[in-house]
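In what follows, a structure is listed as structure tokens, so that the remarks can point back to it.
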């Protein structure tokens with residue numbers, strides 16, 4: 001079980017600084033998150049791979065963003081996030097395929113993203129066209145020898161499973177964000193493993209609380225201060241045979257983010273040692 005954290009790639013200078021901090025935390029792995037397709041160039045791929053080698057950093061996953069508007073709430077999010085909104089779909093299919101190609105040049109075999117609010121109703125007229133678009137991306141990634149990971153949160157686990165079954169490419173998997181299922185009010189992450197557990201290939205160790213109104217997500221907390229039962233989570237992951245990446249994500253900035261990441265590292269390692277032995 002390897003603990004790491006998120007690193008954002010906007011420029012080589014910023015990423016070098018992030019790798020320095022990553023190593024100072026004692027990590028040697030990360031999820032590489034990138035939202036700017038204009039920097040996914042051949043030149044940057046060569047330089048970024050050299051930077052990863054220089055610092056001894058493994059990128060367990062390329063977290064691939066997409067262009068256009070994005071609103072992280074229950075109303076605007078329905079119209080702006082992922083491949084669900086038809087007006088942005090073609091552009092974002094291209095973004096994800098381009099991101100896949102960039103990740104391949106970095107030697108990364110897992111590419112994650114948010115697909116948006118996948119329709120719960122399989123008869124929704126947007127469900128099949130969405131699955132068709134996802135299939136285009138998944139087939140492109142399959143040709144690149146990659147897995148397409150759906151980050152959890154915006155849909156119920158059974159909706160996610162249904163989408164996997166409909167797309168049917170064999171290279172779809174889950175980036176389990178432990179807090180998002182709670183923040184979006186969709187599921188408890190421990191119970192969600194009964195539905196999607198076999199598909200988990202990476203996870204965001206994050207905590208939070210449930211929504212308290214119908215418009216806004218619940219809020220994120222420091223690990224251990226929210227509703228995620230991490231001990232029960234890792235016990236079930238252990239039963240499922242998961243022994244892979246654990247990526248700490250703390251979506252604040254500054255000194256408090258650093259302090260919370262350090263706290264999360266010890267918090268997680270203690271639980272992992274007890275559950276997995278070590």
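Inside the range 8-34, residues that are out of contact with any strand residue (DSSP E or B) (no Cβ under 8 Å at 6 or more places or on another chain) and either farther than 18 Å from residue 99 by Cβ or outside any helix (DSSP H, G or I) (or both) make up a count of 9. Looking at the range 172-185, is at least one residue surrounded by fewer than 18 Cβ atoms within 10 Å (Cβ to Cβ) and within 23 Å of residue 251 (Cβ to Cβ)? Yes, the range 172-185 contains at least one residue that is surrounded by fewer than 18 Cβ atoms within 10 Å (Cβ to Cβ) and within 23 Å of residue 251 (Cβ to Cβ). Within the range 240-262, the residues that satisfy the criterion of being more than 17 Å from residue 178 (Cα to Cα) and assigned to a helix (DSSP H, G or I) are 255, 256, 257, 258, 259, 262. Here residue 258 clears all of (1) within 21 Å of residue 72 (Cα to Cα); (2) surrounded by 14 or more Cβ atoms within 10 Å (Cβ to Cβ); (3) out of contact with any strand residue (DSSP E or B) (no Cβ under 9 Å at 6 or more places or on another chain) except the condition numbered (1).
Here residue 112 clears all of (1) within 21 Å of residue 135 (Cβ to Cβ); (2) part of a loop (DSSP other than H, G, I, E, B) except the condition numbered (2). The one condition from (1) crowded, with 16+ Cβ neighbours inside 10 Å; (2) within 30 Å of residue 234 (Cα to Cα); (3) at pLDDT 95 or above that residue 70 does not meet is (2). Among the residues of the range 206-233, those identified as more than 15 Å from residue 268 (Cβ to Cβ) and either assigned to a helix (DSSP H, G or I) or without any contact (Cβ under 8 Å) to a residue 12 or more places away in the chain (or both) are 212, 213.
The values are calculated or read from the model by the stated rules, or taken from the named source; none is laboratory data. Predicted model, so just to flag it, every value in this text is computed and none were measured. Virtual Cβ from ideal backbone geometry, glycine too; neighbours counted across all protein chains shown.
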